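Engineer: One structure coming up, written as structure tokens, with questions to follow.
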Amino acid sequence: MEKPEKMETFHITTFGCQMNLADSSTLAAAMINRGYRRVNSESEADLIVLNTCSVREKAETRVLGRLGELSRLKQKNPHLRLAVVGCMAQRLGSQLLEQAPCVDYVLGTDRVFDLPDVIRNSNGTQTILTTLGRENIDTITPIKETPFSGFVTISRGCDNYCSYCIVPYVRGKERAHSADFIIDSIRKMVADGVVEITLLGQNVNSYSCDGTDFPALLERAARETDVRRLRFMTSHPKDLSRKLVDVMAGQPKVMPHVHLPLQAGSNRVLQRMGREYTTEHYLEIIDYIRGALDYVCLTTDLLVGFPGETGQEFEMTLKMVEQIEFDSAFMFRYSARPGTAAARLEDDVPEEEKIDRLNKLIRLQNQVSRRRNQREVDQVRFSLVEGTSRRDKAVMRARTEGNKTVLFEASNAAAGDIVPVRITTADAFTLHGRMEETL
Ligand code: SF4
């Protein structure tokens with residue numbers, strides 16, 4: 001492989017979840033600290049980084065497709081370097097080079113931030129680094145994602161081993177940042193202009209470090225920093241405590257939105273998924289949250305077609321969706337992930353049946369979301385302006401306290417402002433409104 005010319009610019013494409021977005025921000029900071037310049041288009045980049053996801057087969061297929069295109073780009077520009085980092089790199093390691101020999105660096109989830117050193121030490125040779133177990137994760141400094149909002153990862157990895165999930169195998173065991181490190185990271189971001197912070201973890205509710213649990217951490221973040229809005233994800237029904245809900249009720253800085261993956265509506269399927277809660281327990285949490293918070297938005301994750309899921313059990317998922325009325329949901333059909341416990345089960349729900357169930361679920365949830373959003377009409381929502389609408393530059397796009405997208409016309413609102421918007425109309429996906437001049 002030709003010795004690379006002086007590498008100066010880099011571009012990162014992120015696939016997958018917020019955790020990957022947060023890692024990409026931190027990787028960008030590590031590269032910039034070493035004198036590299038971040039560019040917005042791949043055509044300007046000496047180094048192209050793909051930060052990858054393995055949660056579904058489709059996510060990996062997309063990356064391989066991308067690498068096919070990039071290998072042609074590399075044929076035209078032999079000095080171009082390609083790095084594949086994150087979950088897919090972690091899962092495949094050297095196999096990735098067999099499928100995509102154009103790749104120069106393959107760095108797993110705990111090695112992502114070593115990229116600058118790897119480039120310096122590789123001397124132009126292909127490098128694979130996938131050792132898991134970066135114990136002291138306080139060395140990974142989070143960086144704001146946008147000028148006014150940012151992610152602060154509070155823990156990495158997961159110990160739950162839900163039977164369908166590949167995350168524990170690609171992100172390793174759960175390790176927590178110290179509470180002081182997290183508070184300090186929030187303060188640094190706020191000093192840098194950030195007004196909204198999302199605390200991130202595969203399962204934030206099981207956070208525990210030196211005697212500080214998640215409710216206590218959230219309370220400290222609200223009391224000890226000047227951040228204006230706090231969010232957190234992702235929660236797990238088996239660990240979400242009433243204590244956390246009480247902190248939400250008592251801390252106006254904590255936004256009234258809980259993302260609580262249900263996954264399925266049948267206890268038998270939940271048990272085979274290894275989720276460690278029942279639908280009854282889940283409903284109790286929902287009742288407690290809605291009892292403690294006057295206004296709250298609830299979102300979830302739902303998986304259809306898990307091995308052995310009968311038509312009747314799928315109907316139970318639909319019933320839960322009707323009963324709970326989530327504001328919105330991420331909905332998927334099951335695909336076996338190599339190495340997971342569920343991959344050893346017979347994937348006996350036919351693909352067409354999975355697609356049919358998913359379409360039925362999406363139709364129902366869209367009706368429910370429309371109903372939930374219609375209840376927002378004539379309410380005033382304090383919304384964080386994110387910028388202009390993608391379709392119309394005269395229209396501002398913002399995020400309400402409940403984490404809903406709202407579009408409104410306003411000449412005197414700028415990105416980063418938190419403004420009162422009176423909701424005028426709503427569909428299943430978006431709220432529309434007008435800015436309240438005075439309140
Ligand atoms: S809680 Fe379960 S689904 Fe979530 S990351 Fe951990 S193993 Fe995966």
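The values are calculated or read from the model by the stated rules, or taken from the named source; none is laboratory data. No experiment lies behind these values; they were computed from the predicted model shown. Every residue, glycine among them, receives a Cβ derived from its backbone with ideal geometry; neighbour counts consider all protein chains shown. Side chains are part of the model used for accessible areas, which takes the heavy atoms of the whole protein and leaves out ligands, DNA and RNA. Shrake-Rupley method; radii C 1.70, N 1.55, O 1.52, S 1.80 Å.
Engineer: Take the conditions of a type in the set (Lys, Arg) and either outside the structural domain of residue 330 (by TED's automatic domain parsing) or in contact with a Gly (Cβ under 9 Å, 6 or more places away or on another chain) (or both) and apply them to residue 290. Does it pass? Spell out the reasoning first.
Structural biologist: Working: of a type in the set (Lys, Arg): yes; either outside the structural domain of residue 330 (by TED's automatic domain parsing) or in contact with a Gly (Cβ under 9 Å, 6 or more places away or on another chain) (or both): no.
No: the conditions fail for residue 290.
Engineer: Quick check: anything in the range 256-272 in contact with a helix residue (DSSP H, G or I) (Cβ under 8 Å, 6 or more places away or on another chain), within 26 Å of residue 194 (Cα to Cα) and open to solvent by 10 Å² or more (accessible area, probe 1.4 Å)? Outline the logic, then answer.
Structural biologist: Within the range 256-272, the first condition is being in contact with a helix residue (DSSP H, G or I) (Cβ under 8 Å, 6 or more places away or on another chain), and the residues that meet it are 256, 258, 260, 262-270, 272.
Then keep just the ones that are within 26 Å of residue 194 (Cα to Cα); that gives 256, 258, 260.
Those left that are additionally open to solvent by 10 Å² or more (accessible area, probe 1.4 Å): 256.
Within the range 256-272, one or more residues are in contact with a helix residue (DSSP H, G or I) (Cβ under 8 Å, 6 or more places away or on another chain), within 26 Å of residue 194 (Cα to Cα) and open to solvent by 10 Å² or more (accessible area, probe 1.4 Å).
Engineer: For the structure I just gave you, tell me whether residue 31 is under 21 Å from residue 335 (Cα atoms) and either among the hydrophobic types (A, V, I, L, M, F, W, C) or more than 21 Å from the chain's Cα centre (by Cα) (or both).
Structural biologist: So residue 31 fails the test.
Engineer: If you scan the range 112-135, which residues turn out to be in a loop (DSSP other than H, G, I, E, B) and not basic (Lys, Arg)?
Structural biologist: Residues satisfying the conditions are 123, 124, 125, 126, 130, 131, 132, 133, 135.
Engineer: So residue 58 clears everything in (1) basic (Lys, Arg); (2) modelled with pLDDT under 95; (3) over 18 Å from the mean Cα position of the chain (by Cα) except one condition, right? Which one?
Structural biologist: So the condition that residue 58 fails would be (3).
Engineer: What tally of residues in the range 274-293 results from selecting those that are among the charged types (D, E, K, R) and outside any loop (DSSP other than H, G, I, E, B)?
Structural biologist: Result for the range 274-293: 4.
Engineer: Please give the number of the condition residue 103 fails out of (1) crowded, with 19+ Cβ neighbours inside 10 Å; (2) in a loop (DSSP other than H, G, I, E, B); (3) within 16 Å of the ligand (Cβ to nearest atom); (4) not basic (Lys, Arg).
Structural biologist: (3)
Engineer: Just to be sure, is residue 183 open to solvent by 40 Å² or more (accessible area, probe 1.4 Å), of a type in the set (A, V, I, L, M, F, W, C), touching a helix residue (DSSP H, G or I) at 6+ places or on another chain (Cβ under 9 Å) and away from the ligand (no atom under 16 Å from the Cβ)?
Structural biologist: no
Engineer: Let me ask something else about it. Could you figure out which of (1) open to solvent by 10 Å² or more (accessible area, probe 1.4 Å); (2) in a helix (DSSP H, G or I); (3) more than 16 Å from the ligand (Cβ to nearest atom) isn't true of residue 198?
Structural biologist: Among (1) open to solvent by 10 Å² or more (accessible area, probe 1.4 Å); (2) in a helix (DSSP H, G or I); (3) more than 16 Å from the ligand (Cβ to nearest atom), the lone unmet condition for residue 198 is (2).
Engineer: Could you say which residue among 309, 322, 284, 280 is acidic (Asp, Glu), crowded, with 17+ Cβ neighbours inside 10 Å and out of contact with any Gly (no Cβ under 9 Å at 6 or more places or on another chain)?
Structural biologist: 309
Engineer: So how many residues does the range 202-248 have that are within 16 Å of the ligand (Cβ to nearest atom) and open to solvent by 50 Å² or more (accessible area, probe 1.4 Å)?
Structural biologist: Result for the range 202-248: 2.
Engineer: Let me ask something else about it. Quickly run through the range 365-381 and pick out the residues that are in a helix (DSSP H, G or I) and open to solvent by 20 Å² or more (accessible area, probe 1.4 Å).
Structural biologist: Those that are in a helix (DSSP H, G or I) and open to solvent by 20 Å² or more (accessible area, probe 1.4 Å): 366, 367, 370, 371, 372, 374.
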